[in-house]
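Worksheet: one structure, shown below.
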There are 2 protein chains.
Amino acid sequence: MSNASHLTLDLNAPCMSTGHLVVAKGADCEALSLPVFCLNKGEGPRLLITGGNHGNELEGPIVSRRLVEWLPEAQTCGRVIIVPEINPLAVQAWTRNTPVDGKNLNREFPGRADGSVTERIADAVSRLLVPMADTVFDLHSFGPQWEFPPSVVTHPIANAALMAKTVKMAEAFKFPMTLIWEHDDTPGMFDTFVHNQGKVFICAELGGGAVGSEVLSIYEAGVRNALIALGLIEEEAECPTFRQRKSSQTFETLLSDRLKSPAPGIFEPRCSVLDEVKPGDLIGVLHPMESLSAGSIDIRAPAGSVVCAVKSARYMEVDEAVAMLARPLER
Amino acid sequence: MSNASHLTLDLNAPCMSTGHLVVAKGADCEALSLPVFCLNKGEGPRLLITGGNHGNELEGPIVSRRLVEWLPEAQTCGRVIIVPEINPLAVQAWTRNTPVDGKNLNREFPGRADGSVTERIADAVSRLLVPMADTVFDLHSFGPQWEFPPSVVTHPIANAALMAKTVKMAEAFKFPMTLIWEHDDTPGMFDTFVHNQGKVFICAELGGGAVGSEVLSIYEAGVRNALIALGLIEEEAECPTFRQRKSSQTFETLLSDRLKSPAPGIFEPRCSVLDEVKPGDLIGVLHPMESLSAGSIDIRAPAGSVVCAVKSARYMEVDEAVAMLARPLER
């Protein structure tokens, strides 16, 4: 067997195959075997689905496992490759970053074949899987520290045609929120690596907080909707119910829409995601905890907007993000 | 100023006072100043409310802060002492245990004046605060890794009269669930230390997962109900609405009601808290992640019961608890 990273299955074989993406061993750890599922049903779209990029976002691995159960019967054409957990070391540790080298996999693309383990994973995914697909769904979530609605998130893309195609694909999930998210330029993201090849990259951000059965069903329904839109399965798309509502909206959030902690202390959320707020409405309260005679500080909406993310109550340092606001996308 | 742990306020002073419980410095860290609020309105019940015993359970500190705002006007008699965070080191680190010495404060009572910092906190609370109260509310939650309904939990108490008094007080919160919880004998719990003095100790377990505005309001309403039952405030008690229902039930859970992970892998919850289940109903699925050809393992209810706790999806080792079942208490 090769010492270099390699696949133990032929992604061009007809029908269903399962095997592993073996990530080469290095000085820091042994070789990793990442389970891979591949289903070829002839001509058609070529899709790669990945989960477990961050190890404390378990929605992706579970939705991936569910797909593996029903896709062999449902898929009518094209190729779907599924890797439920691309960072098993982080998943097992329930940490965002890889515990072995402390690196964030989503900041290491395209990786290095002779780097530390996180770089070797990025390299194996970039070289052996991405070339086999035209579209990538990377299944994330906002993690345990945030309240966030089931969403697809995309950063603005310079290539206007690719941006339009990406937003259309994102909206096909029919999640409660599609979010165009301005962010600081961050090198090494999986998103950017795939975009730079002119391919559609979808970052699903499947909610936050505890991962329960109800949200998992919503996430699975969203991914099914996207597979229908791609033409991989022939079913009826349906907007999933979230908090007694079936609705799907596209919003835009800018760097200036992040509300930050004005002081160290405990943040108390006073709003929920998808709440519409007027200028001056209360978003949360910051409680300095050194003394009970020190007053608490109100954090208010600077403008009319919709709440797209709220931090779960916890102790915050000054200037940590406590909420994100957004406005309906103007087209 | 004394080098020993001490209070900077007189808990017998009339009306409202604020100050600190100073926990003595030791070899491992400097002295800590824990904010304390005290409100004396003459004869009546003497209550101590503590939050932040575990640092990743922020519901207690926030509900405590809210009480400080409206209690001065609402309280009509007796004495209420509030310490929003008895373990500020753990709260700031968002960890269950104290980061300095790695200890779980709720396993260190009555503590030691010359011990490590967690033992010194337990000692200061035990000696300087507990004697000033007849009833203690310690505001916990199930933390970010569980789905759990707002509840008051009590372990069985050998003293039958104290047990009856405790259950009555617990039910006065009118939370969706009151839970009598059989557990392994665990030395050093705050509960046991207070029970051994014949006093009522209430452990509120204020839900799990992300801490949002809706659950915080339920928790505050429950604590207000309990203050009404104690006779400290004169208002109408009201059962809070949880998931569109106003209901309050008392359950019992035994050691044998804990369901455990049958193998290492990712646990997927398939039920929600307060779901009624029949024998054989699906509670969750365990997905071994080494290979996609290995089958997933169903975890089923062994008997008719109600789900009282479900673990959030995450990677589990074999034999870790994934859910707790319960039955209505027979009296």
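Nothing in this text is a laboratory measurement; each read-out follows from the coordinates by a stated rule. What you see is a predicted model; the values in this text were computed from it and never measured. Methodologically, a virtual Cβ is constructed for each residue, glycine included, from the backbone with ideal geometry; neighbour enumeration extends over all protein chains shown.
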Taking N as its residue count, the alpha carbon Rg of the stretch B:165-232 over 2.2 N^0.38 Å: 1.22
Length added when fully stretched, B:L254-B:A4, from 0.36 nm per residue minus Cα-Cα: 85.8 nm
Charged-residue dipole, Cβ positions (Lys, Arg, Asp, Glu), the stretch B:6-252 about Cα centre, Debye nearest 20: 220
Calculated P(r) tail over 15 Å for the stretch B:47-123, as whole % of Cα pairs: 56
Proximal aspartates and glutamates relative to B:K260, as straight alpha-carbon distance under 14 Å, when same-chain residues fewer than 8 apart are discounted: B:E268, B:D298, B:E317, B:D319, B:E320
Rh by Kirkwood over Cα pairs, then Stokes-Einstein D for the stretch A:1-51 at 0.692 mPa s and 37 °C, µm²/s: 266
Angle between chain A longest axis and helix A:160-171 axis [Cα atoms, degrees, rounded to 10]: 80
Relative contact order of the stretch B:258-328, defined on C-alpha pairs under 8 angstrom at six or more residues apart (%): 44
Net charge contributed by nearby residues that have their C-beta within less than 11 Å of A:C77 (K/R +1, D/E -1): +1
Per-copy distances of the B:R327 label point, shortest first, in nm (7 angstrom along Cα→Cβ): 6.0
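With charges only on Cβ, +1 for K and R and -1 for D and E, what is the dipole size of the stretch B:57-174 about its Cα centre, in debye, rounded to 20?
With Lys and Arg at +1 and Asp and Glu at -1, about 200 debye.
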Between 0 and 90°, nearest 10: helix B:59-74 axis offset from chain B longest Cα axis: 40
Dmax and Rg, reported as Rg then Dmax, of the stretch A:6-252 (C-alpha, Å): 16.9, 52
Size-normalised alpha-carbon gyration radius of the stretch A:142-279, reference 2.2 N^0.38 Å: 1.13
Over the stretch B:212-331: Rg over Rh, Cα atoms, Kirkwood Rh: 1.10
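Quick one: A:R107, B:R65, B:R96, fewest Cβ neighbours within 10 Å first, how do they rank?
Placing the least packed residue first, the sequence is A:R107, B:R96, B:R65.
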Percent of Cα pairs exceeding the 21 Å cut-off, where the set is the stretch A:1-89: 34
Relative contact order, percent, chain A [alpha-carbon distance under 8 Å, six or more residues apart]: 15
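Over 28 Å between Cα atoms: which of A:K278/B:K246; A:K199/A:K311; A:K246/B:K246 fall into that group?
Details: A:K278/B:K246 30 Å; A:K199/A:K311 32 Å; A:K246/B:K246 25 Å.
Check vs 28 Å cut-off fails for A:K278/B:K246; A:K199/A:K311.
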Alpha-carbon centroids, the stretch B:267-331 and the stretch B:88-145: separation in whole Å: 31
Rounded to 5, percent antiparallel among DSSP beta bridges of the stretch B:6-252: 45
Cα long-axis angle, helix A:213-230 against chain A (0 to 90 degrees, to the nearest 10): 60
Cα-Cα P(r), the stretch B:54-177, percent of pairs per 5 Å interval: 2, 10, 15, 20, 22, 18, 10, 3, 0
The protein assembly as shown: proportion of alpha-carbon pairs further apart than 49 angstrom, %: 17
The stretch A:258-328 - convex hull of alpha carbons, volume per residue in Å³: 69
Dipole magnitude of the stretch A:176-321, debye to nearest 20 (Cβ charges: Lys/Arg +1, Asp/Glu -1, about Cα centre): 260
Residues A:I218, A:I297, B:I62, sorted so that the one with the fewest Cβ neighbours within 10 Å comes first: A:I297, A:I218, B:I62
Pairwise FRET efficiency - B:E276 versus B:A113, Cβ, R0 = 51 Å, nearest 0.05: 0.55
Ranked list, fewest to most other Cβ atoms within 10 Å of each Cβ, for A:D281, A:D319: A:D319, A:D281
Gained length - A:T241 relative to A:R127, 0.36 nm times residue gap less alpha-carbon distance: 37.2 nm
Pseudo-label separations to other copies for B:R245 - Cα-to-Cβ vector, 7 Å, nm: 2.5
Pseudo-label separations to other copies for B:P187 - Cα-to-Cβ vector, 7 Å, nm: 5.5
Given charges at Cβ of Lys, Arg, Asp, Glu: chain B dipole, positive-most of B:G55, B:S261, B:F109: B:F109
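Taking 51 Å as R0, compute the FRET efficiency from the Cβ-Cβ separation of A:D184 and B:C77 and round it to 0.05. Mind dumping the intermediate values first?
Values: r = 56 Å, r/R0 = 1.09.
So the FRET efficiency works out to roughly 0.35.
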Net charge of neighbours whose Cβ lies under 14 Å from the Cβ of A:E119, counting Lys and Arg as +1 and Asp and Glu as -1: +1
Residue-averaged [θ]222 nm for chain B, counting only DSSP H segments that reach four residues, each worth -39500 (n - 2.57): -6000 deg cm²/dmol
